[in-house]
1. How do 192, 494, 30 line up, fewest other C-beta atoms within 10 Å first?
2. Roughly what % antiparallel, to the nearest 5, for the DSSP beta bridges in the chain?
3. Using 0.36 nm per residue of separation minus the Cα-Cα distance, give me the extension gain between residue 375 and residue 316 in nm, one decimal.
4. D for region 215-301, whole µm²/s, Stokes-Einstein with Kirkwood Rh over alpha-carbon pairs at 10 °C and 1.306 mPa s: what number?
5. Largest first and in whole Å, give the semi-axes of region 445-566's equivalent ellipsoid, each being the square root of 5 times a Cα gyration tensor eigenvalue.
6. On a C-alpha basis, how far is the centre of region 216-259 from the centre of region 399-462 in Å? Whole number, if you could?
7. Over the chain, with a single point scatterer placed on each C-alpha, what log10 of the ratio I(q)/I(0) does the Debye formula yield at q = 0.08 1/Å?
8. Can you give the longest stretch of the chain with no exposed loop site, where a site means GluC sites (Glu not before Pro) in a DSSP loop (not H, G, I, E or B) with at most 13 other C-beta atoms within 10 Å?
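Coordinate-derived values only; no laboratory data. Quick caveat: nothing in here was measured; it's all calculated off a predicted structure. Cβ placement follows ideal geometry from the backbone for every residue including glycine, while neighbour counts extend to all protein chains displayed.
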Amino acid sequence: MKTFKEIYSSAENKIAGIGAAPGIIIGEAHLFTKEKLQVSKADIEDIEKAKSNLIEAITKSKKELNKIFLVAREKMDDVRSAIFEAQLMILDDPVLLDEINKRIETEKKSPEYIVDDEISKYQSKMILSHEAYMKERALDIEDIKQRIIRNLQKKRWQSKIDHNVIVVSDSLTPADTILLSRNKVLAFVTDHGGITSHAAIISRSLNIPAVVGTHNSTSMIKDGDEIIVDGFYGYVIKKPTVEQKEFFTEKRNRLIKLQKELEELKDEKAVTKDGREIKLLANVDVSGEIDVVVTSGASGIGLYRSEQILNELGEFPSEDEQAAIYSKLATRIYPGTVTIRVFDIGGDKFRFLNFEEPNPFLGLRGIRLLIENPVMFKTQIRAILKSSTTKNIKVMLPMVSTLKEIRESKRIIEECKKELTEEKINYDQEIQLGIMIEVPSAAVMARDFSKEVDFVSIGTNDLVQYLMAVDRGNDLVSELYQEFSPVVINTLKHIIDETRKSKKPVSLCGEMAADTLAMPLLIGLGLDSMSMSPSTIPYAKRIIRSCEFKKTKRLANQCLKLQTEEEIKGAIEEFFTKNKITRTRQII
Ligand code: PEP
Ligand code: MG
């Protein structure tokens with residue numbers, strides 16, 4: 001049997017994109033195109049009539065969006081469905097409506113022209129933004145603009161599909177994605193959009209495989225063509241050959257079988273053959289979903305990237321809004337614990353301050369920014385405390401690089417506790433506080449830092465970037481971003497041993513925990529728990545249950561003596577072969 005790499009390197013009928021939601025689907029393509037609405041710049045005579053047409057169109061648009069919002073609420077959590085709530089708010093924006101009305105009066109042009117022009121101005125600003133998030137939001141606004149114009153022209157959109165198809169489209173708005181998913185959609189393929197596009201987020205939430213950013217699928221694929229969508233590797237195969245079809249049918253069958261086997265492990269513990277239990281927790285972020293956490297067999301949430309709320313909402317929620325989100329999370333996961341990492345803003349993440357930093361990764365990021373903005377920090381801490389009455393919430397600080405930051409954060413937390421006590425509001429008095437170790441200074445000082453807190457979690461995504469001086473998102477230097485570098489392995493060993501000395505539990509929540517190759521090494525290094533994207537938990541559990549702790553310790557000791565990444569990876573591969581343990585990609 002060929003490998004994925006061999007199949008793809010010889011495939012001339014492949015279209016490359018980004019794997020946005022995992023899965024393999026073979027099926028019929030359905031080209032989803034929306035009629036391009038022509039906007040007329042006609043002069044108008046009856047201004048009052050034009051204004052009342054506008055109100056009618058906006059009312060109709062609101063009604064449609066409300067319906068979509070209800071469907072979204074049924075299918076997804078509140079944070080995700082808030083996309084539509086945000087769109088509804090734009091339709092209620094008095095400043096925008098006033099401006100459109102004023103222009104209709106002064107320019108005496110058709111409302112559809114003014115709507116198009118006025119909303120396009122907003123969009124251009126967003127498209128010019130450096131942030132992927134803002135560019136994606138410009139697409140959402142396109143949906144509102146088109147919706148109002150269509151309603152002004154009294155036209156309808158078709159989003160009904162009557163049989164199982166793969167939807168291929170230029171781009172999909174969140175509303176399209178939701179409406180189409182009510183029908184029989186097998187997978188999504190879009191020319192535009194990235195991993196953070198809402199269509200991608202929604203596909204992952206709904207478990208529909210997706211490949212986005214293919215650039216030219218809509219021109220290469222015809223309606224009714226047979227295609228293969230590979231949401232793992234991010235490829236679409238057009239009119240597959242017999243060999244390709246056989247290959248992917250086999251992969252799909254294996255995947256279904258593996259998923260069934262893994263489901264059976266859901267209630268089993270992640271324990272090695274010789275009895276060492278590793279707690280498996282879930283990371284919840286853009287690609288995570290609370291329902292998946294519950295079904296994945298995780299014992300709780302080890303990393304809740306709270307800054308994602310800001311990405312979803314595009315603004316800072318109030319204390320009560322935050323408390324509602326955290327309480328819901330805590331109740332849903334109970335009796336499991338939820339580790340809420342306070343806003344990690346800055347670096348490549350959500351930026352809200354209107355200033356550019358020359359080196360954002362080395363700038364005002366994570367806990368540094370929160371300490372500089374105590375009102376924002378306190379609002380979040382108060383919200384977390386307010387939702388901690390179920391006693392299953394922990395707080396975690398990102399990007400800690402000095403002891404002073406830990407002590408100042410503790411002072412702020414104490415201040416919030418005191419305020420709540422005075423206000424007679426209940427909270428968990430023993431709420432645990434932890435830090436992420438993701439900066440070399442924190443790694444070196446692990447013993448002293450961990451003494452100050454209740455737990456430690458190693459963030460390898462950043463730790464590797466700062467140890468190796470390699471931007472984690474820069475393709476040009478990705479070869480140097482080595483999670484298996486001896487530098488990283490020895491640093492992990494140092495952090496784990498030093499934290500042990502202060503008798504505090506140590507976890508790891510970087511992507512490395514989701515890499516099945518790393519698993520035996522991480523067990524052997526002595527971690528107590530690991531946190532990873534929920535969908536990878538069953539795979540990790542399977543590997544842990546096939547390992548012997550004493551053998552993984554030997555492997556770790558062997559790796560600690562090696563000098564290059566290649567040697568370390570080689571030693572782990574050998575461990576897998578010698579112990580007859582298969583990895584996922586070898587299975588499917
Ligand atoms: C990390 O740095 O490893 C981590 C888990 O945090 P993030 O990826 O959100 O920076
Ligand atoms: Mg990090």
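1. 494, 192, 30
2. DSSP beta bridges in the chain are roughly 30 percent antiparallel.
3. Contour length minus Cα-Cα distance gives 20.1 nm.
4. Using the Kirkwood radius from Cα pairs, D works out to 97 µm²/s.
5. 20, 19, 15
6. After rounding, the separation between the Cα centres reads 47 Å.
7. Scattering profile of the chain, log10 relative to I(0): -0.62.
8. 46-267
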